[in-house]
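What follows is a single structure, written as structure tokens, with notes after it.
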Amino acid sequence: MKLGIIGLPNVGKSTLFNAITQAGAEAANYPFATIEPNVGMVEVKDRRLDKLSAISQSKKIIYATIEFADIAGLVKGASKGEGLGNQFLSHIREVDALVHVVRCFDDENIIHVEGSVDPIRDIETINLELIFSDLEILEKRLERVKKQLKGDKSLQPEKELIEKMIATLEAEKPARSLDYSEDELKMLSSFSLLTMKPVIYAANVSEDDILTGNEYVDRVREFASKDDDETIVISAAIEEEIAALDDEDKAEYLDAMGLHDSGLDRLVKASYSLLGLISFLTTGEMETRAWTIRKGAKAPEAAGKIHTDIERGFIKADTISYDKLVEAGSIPHAREKGWIRSEGKDYVMVDGDVVNFKFNV
């Protein structure tokens with residue numbers, strides 16, 4: 001999964017990015033690495049793996065990972081080259097979703113680029129830049145399609161789709177606000193439009209407001225609901241403080257704050273939910289591992305995440321839920337109780353399935 005972090009300057013975007021990537025690298029098998037400027041990898045600390053690893057006495061644990069791309073603070077006119085934003089917009093065209101950090105705190109010591117705190121104004125400023133950037137791409141594509149249409153009438157549906165999308169963007173609405181047919185979605189797959197991407201609004205609040213939220217957060221939630229986007233409340237300041245703590249100290253800190261999980265944990269959960277993703281698990285002496293798949297995927301597709309040969313030669317999937325395996329205490333005990341099921345090609349995977357695929361190629 002790839003997430004792009006966007007927002008105006010001085011909203012806490014880079015503080016959040018630095019905190020969550022550092023937190024994800026803490027004692028990790030997949031350490032934080034600067035793949036390119038402002039890109040970092042974070043492990044999804046699924047605690048189910050720890051328990052399964054203990055049951056199987058695995059030599060290693062491999063968590064799922066999320067790639068975060070921190071985009072330089074966008075400003076008005078970024079799509080036209082103002083500030084630094086334009087040169088980074090291309091970096092987020094391939095991400096799966098956008099994390100839009102919005103300032104929802106007052107602090108006279110931190111200057112706001114617009115001179116005052118107004119989260120909806122800030123959101124609309126960023127959204128307009130994304131719209132302008134998409135418009136530029138669609139207008140160029142429309143011009144090309146019109147020329148090709150003279151010799152290839154099959155491009156007429158694409159021309160109509162592009163015109164419909166341009167009209168939507170010109171009305172200052174994101175491309176994702178439209179309803180699309182399956183054929184249109186196939187055409188769209190090569191467009192890489194920013195406003196087609198689902199959005200998680202990260203309402204960045206002060207430590208005092210992390211439990212209750214505030215009026216700014218309420219306004220962000222109301223705005224986000226119009227396009228079925230997600231909103232999470234996060235405090236970059238708190239994330240920065242817990243980033244360097246080990247798991248035990250982090251748990252104590254969160255408990256003292258009255259929090260059940262970190263902002264990173266909430267962001268991960270929101271991302272999986274928004275993108276319709278689940279995890280299935282594999283465990284054995286060599287390793288215990290989480291695999292990310294789309295919700296609704298059938299067993300052979302899940303097998304293909306491990307290796308294409310397993311999907312191609314799929315025979316069956318020996319499956320048990322995580323909870324039932326923990327209750328049994330071991331795979332042999334689960335087998336004795338008859339709790340391990342043999343599922344075929346039509347089985348729809350469920351989050352937390354612990355699976356051993358049987359195949360022949």
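Per the Debye formula on identical point scatterers at the alpha carbon atoms of segment 124-183, with no solvent, log10 I(q)/I(0) at q = 0.18, 0.20 Å⁻¹ is -0.65, -0.76. Every Cα-Cα pair in the chain was counted, and those over 40 Å apart are 23% of them. Bridge orientation summary for the chain: considering DSSP beta bridges with both residues in this region, about 50 percent are antiparallel. Report the full-extension gain for the segment K305 to H333: residue separation times 0.36 nm, less the Cα-Cα distance, to one decimal in nm. Here the answer is 7.3 nm. Using a cut-off of 14 Å between beta-carbons, work out the net charge of the residues near K147 (Lys and Arg +1, Asp and Glu -1, K147 not included). Within the 14 Å Cβ shell, the charges total +3.
Taking label positions 7 Å along the Cα-Cβ direction at both K51 and K324, the computed distance is 1.5 nm, reported to one decimal. Each peptide in 248-259, 232-243 was scored by the mean count of other Cβ atoms within 10 Å over its residues; highest first, the order is 232-243, 248-259. Apply 1/(1 + (r/R0)^6) to the Cβ-Cβ distance of A256 and Q156, taking R0 = 51 Å, and write down the FRET efficiency to the nearest 0.05. Rounded to the nearest 0.05, the efficiency is 0.20. The gain in end-to-end length when the K186 to D346 segment is fully stretched comes to 55.2 nm, 0.36 nm per residue minus the alpha carbon separation.
Using only alpha carbon pairs under 8 Å that are at least six residues apart, calculate the relative contact order of the chain and give it in whole percent. Over the chain, the number comes to 19 percent.
Note on segment 296-359: Rg/Rh from C-alpha atoms, Kirkwood Rh, equals 0.99.
At full extension, K147 and D208 could sit 16.1 nm farther apart than now, given 0.36 nm per residue minus the alpha carbon distance. For F132, the accessible surface of its heavy atoms amounts to roughly 80 Å² (probe 1.4 Å, protein chains only, rounded to the nearest 10).
The values are calculated or read from the model by the stated rules, or taken from the named source; none is laboratory data. Just so you know, these numbers come straight off a predicted model, no measurement behind them. Note that each Cβ is placed from the backbone with ideal geometry, even for glycine, and that neighbours are counted across all protein chains shown. Just the protein is used for accessible areas: all its heavy atoms, side chains included, with ligands, DNA and RNA removed. Shrake-Rupley method; radii C 1.70, N 1.55, O 1.52, S 1.80 Å.
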